[in-house]
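Taking it in order: structure first as structure tokens, then the write-up.
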Amino acid sequence: MGSGQIVRTVVGSGQAETAFISAPLADFLGYSMRHARCSPQGMELETDGLEPLKEKVIGYAIEVHRVLGPGLLEAVYRDCLCVELHAANLKVDSERRVSLDYKGHRVTNGLKMDLVVEDRLVIEVKAVDRLHPVFQAQLITYLKLAGLPAGLLLNFNATTLTAGLKRVVHPDLYVRRVESDWT
């Protein structure tokens, strides 16, 4: 193993896989050699049908942005996106709480995911000048804590929504994808 590489074991369908990623990327994604599971609950992250769901949600978000434009509060965009998603008969949870364990204590205050669509896709709504890297880190943390496979970071304050769009996958899925590209 070369310098600056880290081995990440992913336990999925009962068999261990090994992936090599750079140490800085591992640090950024919050990996350590102690972690070896696909999600906080130790289950497989289901990705079937996720891409079409993402595309639908992006389409509805573009519609909200087209009608309202930039300049409003995040809560307004979130609520209007909920209207669109409900009209499309999609299951949507608004401000779902996520908890974490800190040194054996369950912490539940303050961690709320803006939207969760079909119990699979986390939507983080922003209305800011520009997307800061900490927003992506926040979304990655939500994915890891909730054990969900993917998320969308949507900045409604951008001139076009596609300019303020960031797709994010659960870090364990990223490691599996990198590993499969190397085999």
Subject >> Number of the exception - Ser94 against (1) assigned by TED's automatic domain parsing to the domain that holds Leu161; (2) modelled with pLDDT under 50 >> reply: (2)
Subject >> Qualifying positions in region 86-130 - surrounded by fewer than 19 Cβ atoms within 10 Å (Cβ to Cβ) and either under 26 Å from Thr159 (Cα atoms) or among the aliphatic types (A, V, I, L, M) (or both) >> reply: His86, Ala87, Ala88, Leu90, Ser94, Glu95, Leu100, Val107, Leu111, Val128, Asp129, Arg130
Original post:
What about Leu81, is it in contact with a Lys or Arg (Cβ under 9 Å, 6 or more places away or on another chain) and not acidic (Asp, Glu)?
Top reply: no
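Listed here are the residues, each with its yes/no results for (1) modelled with pLDDT under 90; (2) assigned to a strand (DSSP E or B); (3) farther than 29 Å from Glu84 by Cα.
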residue: Gly110; (1), (2), (3): yes, no, no
residue: Val116; (1), (2), (3): no, yes, no
residue: Arg130; (1), (2), (3): no, no, no
residue: Ala137; (1), (2), (3): no, no, no
residue: Leu145; (1), (2), (3): no, no, no
residue: Gly151; (1), (2), (3): no, yes, no
residue: Val175; (1), (2), (3): yes, no, yes
residue: Glu179; (1), (2), (3): yes, no, yes
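The values are calculated or read from the model by the stated rules, or taken from the named source; none is laboratory data. Owing to the predicted nature of the structure, the values given are computational and were not obtained by experimental measurement. Note: ideal-geometry Cβ built from the backbone for every residue, glycine included; neighbour counts use all protein chains shown.
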